Amino acid sequence: MKIVEDYDPSLPATFVDGDQMLQVFLNLIKNAAQASEGESGTIRLKTFYDMSLRLRRKDGTASLPLNVEIYDDGPGLPAELAPDIFEPFVSGRENGTGLGLALVSKIVSDHEGWISVDSVPGRTVFRISLPVAPKDAPS
Ligand SMILES: Nc1ncnc2c1ncn2[C@@H]1O[C@H](COP(=O)(O)OP(=O)(O)O)[C@@H](O)[C@H]1O
Ligand SMILES: [Mg+2]
């Protein structure tokens, strides 16, 4: 498969558990590769800044401007699974556990981030939105 990287070099830091976030991206990239199995698809990894994405929390406003997208040009989510894709044990693959996306969404929400998916045949995009690290966070 072809992997295209499109990273914004000017992004500010976020604050994550690196091992857990690695699990997130490995799961999403593996799913993207499995979806396009047999065909020479393209996976695109993109990071960008989106100031418009804001969330109001009890303690005031927070924004989630750091975005990471994992894009593939495979067949898309099976329509009957799409509403439940982040629930455990929901799998469209013969030997799938259905645990990958459940873990991914747990880790992302533990980091006070969001995950969303937009999928049609030929274009599936998982987007993770993360807050900027607080100014006093260790680097
Ligand atoms: N990029 C993708 N393209 C198409 N379908 C996907 C994609 N990512 C996930 N899926 C669907 O979501 C299901 C659940 O994924 P996941 O939670 O990782 O479990 P598993 O990979 O064990 O099946 C997959 O079985 C597949 O049907
Ligand atoms: Mg998986």
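The values are calculated or read from the model by the stated rules, or taken from the named source; none is laboratory data. Bear in mind that the values here come from a model prediction, so they are computed numbers and not experimental data. Reconstructed Cβ throughout: ideal geometry from the backbone, glycine too, with neighbour counts over all protein chains shown.
Structural remarks
- Unique residue being touching a helix residue (DSSP H, G or I) at 6+ places or on another chain (Cβ under 8 Å) and closer than 23 Å to G41 by Cα when the list is G100, G96: G100
- Sole exception among (1) near ligand 1 (Cβ under 9 Å from one of its atoms); (2) among the polar types (S, T, N, Q); (3) closer than 19 Å to L22 by Cβ for S109, by number: (1)
- Criterion (within 16 Å of ligand 2 (Cβ to nearest atom) and over 14 Å from L130 (Cα atoms)) met by exactly one of P9, P75, P83: P75
- Hey, S40 away from ligand 1 (no atom under 14 Å from the Cβ), in contact (Cβ under 8 Å) with a residue 12 or more places away in the chain and exposed (fewer than 13 other Cβ atoms within 10 Å of the Cβ) or not: yes
- Screening segment 47-139 for strands (runs of 3 or more DSSP E) wholly inside it with 2 or more residues that are acidic (D, E) returns the ranges 66-72.
- Of the set (1) modelled with pLDDT under 95; (2) surrounded by 15 or more Cβ atoms within 10 Å (Cβ to Cβ); (3) out of contact with any Gly (no Cβ under 7 Å at 6 or more places or on another chain), all apply to L64 but (3).
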